[in-house]
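Any read-out appearing in this document is the output of simple, stated calculations on the displayed coordinates, not a laboratory observation. Everything numeric in this text was worked out from a predicted model, so none of it was measured. We place every Cβ from the backbone using ideal geometry, glycine too, and count neighbours over all the protein chains shown.
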Amino acid sequence: MDVETTTSAAAARPTAPRITTELPGPRAREIIARDDAVVSPSLTRAYPLVAESADGWWVTDVDGNVFLDCAAGIAVASTGHAHPAVVAAIQQQAARLIHIAATDFFEPRYVEFTERLAAIAPFEGQARVFLTNSGTEAVEGAIKLARYHTHRPGIIAFEGAFHGRTLGALSLTNSKVKQRAGFGPLLPMVHHAPFPRVRAWREHSGGDGTAELEVLRRSILGRLIAPADVAAIVVEPVQGEGGYFPAPAPFLQGLREICDEHGILLIADEIQSGMGRTGRWWAIEHAGVEPDIVTTAKGIASGMPIGAFIARDAVWTWPPGAHGSTFAGNPVCAAAGLATLRLIDDGLMANASAMGERLRAALDRELADAHWVRDVRGMGLMVGVEFETHEEANAVERHAFELGLLVLECGESTLRFCPPLVIDAEGIDVAARIFGEAVRAARSPEAGVAEVGG
Ligand code: PLP
C-alpha cells in the first residue's frame, strides 16, 4: 500500500462520520440560496452537500460535518482527496509554469505524461495520445479521429450509455432522455444497440451478451446501417452512469470480432471504469480484449481537469491542425496526472481489487434480509446496489447522506459506490454498515415506504 497515505495526516483522520447540525446546516443553507440565484438550473444536486475541505475519503462540509466519501466527486478523487504527493506536484508545477499551450509549444510534463499514458495503453504496439480537458472532449476527439481515419460517418453506441454532453458525445449518450431533450439534431448515422444488463445477485439474469450481439449483427448492421459505413463501435466496458453494469467478457470479445470483420474501430470509453478503479488500469483488460482507441479522464489526475484519448499508432492519420486545444495538457494538470499514475501503479490497483471484494461481501451481509434490494454488482471499487424503484434508491441516498455517507445514483434505481482507491478496510466496513442502516431507515414505516415482498 502507498506509504504516503499512512503518514501523520492520515493518522489524524476520522474513523466515522460526524454529523453535528441538521442537514443542510446554517452555513450550507446560505450557500445553497446564493447558488440558487446565479448557477445554471441544469445542475442536479442529489442532496445538499456543501463541501469545504476533504482529506483521503473524508469530506468536511461548511458547517463542520464530516462525511465518508464513496462518491469521490463522481469517481474522480482516485488517490484520495489532497494526497500529499499530488498536492506537492501541483504546488511545485504551479510555481514553475502554469500554462504554455501544448497546441503551439513543447513542454516536459506534457511529454512525460503522454509517454506514461502510451505505456499503459490496453493494446500491443506503439500508442499515441491526445490530451483533453474533460471526458466529453476525449470522446469528441475519439469520434473525430475515428471518422477521419476510416472516412466513414457512422457510429454504434449502446442503450444506457453515457459518453458526455458536448454535441458529438451527446449523440452517443443514451442514458436519460432529459440529457438529450431539446438539443437536436444530433450527429446523424449514430445507432444504439442493446447492452447486456447482467445482474449478479438476486436476479441472476445470466446472459453473456450473445443475444445483444445478435441484435447488433442482424438488426443494426443487417438492416439499419452498412458495416462499411461504420467508423467505430463505442462501448463502456463497465456501463457507468447507465447503472454500473459490467459488460460480460464474451460480449466485448464479440464486439472485437465484429470490428475486425468489417474494419471498424473499437473505442473503449474508460472515463469512469479506467485508471485502476476495477483493479487493472483498464476494465477491458479483464475481458482480454484490445480496443483501438481508449478514452480516459475522471480519476486520471485526482481531480485536476484533464483527459485523453489514446490510440494505436496507425490510427493517427490526421495532419497538423486537424485537432487541438488551448488549455488541454496544462502542465499543472499533467504534473498531477503523473503523481496520480505513480500512486495508482504503486499499490492502489491492488487495493481497489481487495477493497472492492470486501465492499461487495460486506454489502451482501448487510443487505441479506433486504429483499427489496435487487442486486449488488460491480468490479473493483465500482460497485452498484440496485433497488426496485428510483424513489427507493433516492430515499436510501438521502438517508445515507444524513447518516454521513456519500453515494450517488446511476441508472434508473441504482446507487453507486466509487470511493477513492486509497480507502482502507475500516472505511469500507463503516460505509457498508451505514448503507445497511440507510436501507433499513428508508424502509421503516416512519420513512413512509411500506415494506413489500419477502
Ligand atoms: N464517458 C463516461 C463513461 C463517463 O462516465 C463520463 C462522465 O460521467 C463522460 C464520458 C463525460 O465526462 P466529463 O463529465 O468529464 O465530460
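Among the chymotrypsin sites (Phe, Trp or Tyr not before Pro) found in the stretch 88-197, those both in a DSSP coil and sparsely packed, with 15 or fewer other Cβ atoms within 10 Å of their Cβ, are Phe105, Phe106, Phe183.
Shape call for the chain from the C-alpha gyration tensor, a ≥ b ≥ c root eigenvalues: rounded (a/c under 1.5), prolate (a/b greater than b/c) or oblate? Verdict is oblate for the chain.
Mean projection of the Cα convex hull over all viewing directions, computed for the stretch 11-98: 7.6 nm². Label-to-label distance, Ala322 versus Ala51, with points set 7 angstrom from Cα along the beta-carbon direction: 3.7 nm.
In this structure the amide hydrogen of Ile155, modeled in the peptide plane, comes within under 5 Å of the amide hydrogens of Val190, His191, Ala231, none closer than 5 places in sequence on its chain. The mean sequence separation of alpha-carbon pairs under 8 Å and at least six residues apart, normalised by the residue count of the stretch 132-214, gives a relative contact order of 25 percent. Near Val234, once Lys and Arg are set to +1 and Asp and Glu to -1 for all other residues with Cβ below 13 Å from its Cβ, the sum equals -4. For Lys176, the aspartates and glutamates whose Cα comes closer than 15 Å to its Cα, not counting residues fewer than 8 places off in the same chain, are Glu159, Glu241, Glu409, Glu412. Taking a Cβ cut-off of under 10 Å around Ser78, the surrounding Lys, Arg, Asp and Glu residues balance to a net charge of +2, with basic ones at +1 and acidic ones at -1. Alpha carbon centre of the stretch 195-266 versus the stretch 329-356: separation in Å? Result: 29 Å between the Cα centres. The GluC sites (Glu not before Pro) found in the stretch 203-248 that occupy coil by DSSP, while having at most 15 further C-beta atoms within 10 Å, are Glu203. Out of the stretch 350-454, which GluC sites (Glu not before Pro) are coil in DSSP terms and have no more than 12 other C-beta atoms within 10 Å? Passing sites in the stretch 350-454 are Glu451. Here's the picture: a label point sits 7 Å out from the Cα of Glu124 along the beta-carbon direction, and within the stretch 273-307 the residues with their amide nitrogen under 12 Å of it are 290. Identify the residues of the stretch 256-282 with backbone N under 19 Å of a label point that sits 7 angstrom from the Cα of Met189 along the Cα-to-Cβ direction, or state none. Answer for this model: 259-267. Gain on full extension, evaluated as 0.36 nm per residue between His390 and Ala82 minus their Cα-Cα distance, stands at 107.6 nm. Taking every DSSP beta bridge that has both ends in the chain, the antiparallel portion is near 65%. Membrane-span-like helices in the chain, defined here as complete DSSP H runs extending at least 15 Å along the helix axis by their C-alpha atoms with mean Kyte-Doolittle hydropathy no lower than -0.5, are 84-96, 108-119, 135-150, 249-262, 331-343, 349-366, 425-443; this is a sequence and geometry rule, not a statement about a membrane.
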